[in-house]
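Please treat every number below as a calculation from the coordinates, not as lab data. Model, not experiment: these values are computed from the prediction. Methodologically, a virtual Cβ is constructed for each residue, glycine included, from the backbone with ideal geometry; neighbour enumeration extends over all protein chains shown.
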Amino acid sequence: MTAVTVYGPRSNPFVVKVMRALALKKLEGRLVEPTGPEDYRRWNPETGLLPVATIEGRRVIDSHRILDALDERWPHPGLLSPDPKVAGSQRRLEHWASQTFYFYWERWLWQRVRDIEGGTEGARGVLARFGILRAGSDGSSARYAAEYAQRLADLANFLGTRPFFYADEVSRADLAIAAFLESEAVGSVPEAAAAFEAQPSLVEWLARVGQETAAG
């Protein structure tokens, strides 16, 4: 019997983070993707945002809370360092990454859909219906490319010589960051891919995260 069901689009970094956490804990997880905008409100009437998970029948919204619930029910391996100070740094980095890289992911996703839809208003409408785009967002990738490169440099500095952020084991901070950096929406943008490749320590780190969280 599947202990955890995750509701959300496969390409959403917050969904990817949760699925990676399940893989790290060697838990069976089922992903159910939305087929239309109505699924977002049906699965999460409060905000319409995904992912949502059911964990042994318990409904949990928000990827941060889902990871908390997974650690509460299946504490090994933990998603945070046993050292409270290190764990605090990992939580802060997870939140920072979730806010910072969502900003760029959202705008580059906007750009991709705009190209497909053939116009600004069409793209905005598509993303808004799926609860992805906030009001006032724009998709100028060139405007944010230098900032994005600097954020990656910040990450490389945070990583230092450790195999993972602040520790020798994968944590939820690694899962959150990896979910954004491996996203097709960002990785397919030439300047984003180039900025990532310019940070070899991050390239090696992402490969390690992939090895630790490979499904099966």
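Here are a few things to note about the model shown:
- Nearest-0.05 FRET efficiency for residue 46 and residue 194, computed from C-beta distance (R0 41 Å): 0.55
- Summary of the geometry: the stretch 190-216 and the stretch 1-60, compared by the centres of their Cα atoms, lie 24 Å apart.
- Order by protection proxy (mean Cβ within 10 Å, highest first), peptides 34-40, 148-154: 148-154, 34-40
- Overall Cα dimensions of the stretch 46-101 - principal axes, largest extent first, Å: 32, 29, 13
- Volume per residue of the C-alpha convex hull in the stretch 4-73, rounded to whole Å³: 78
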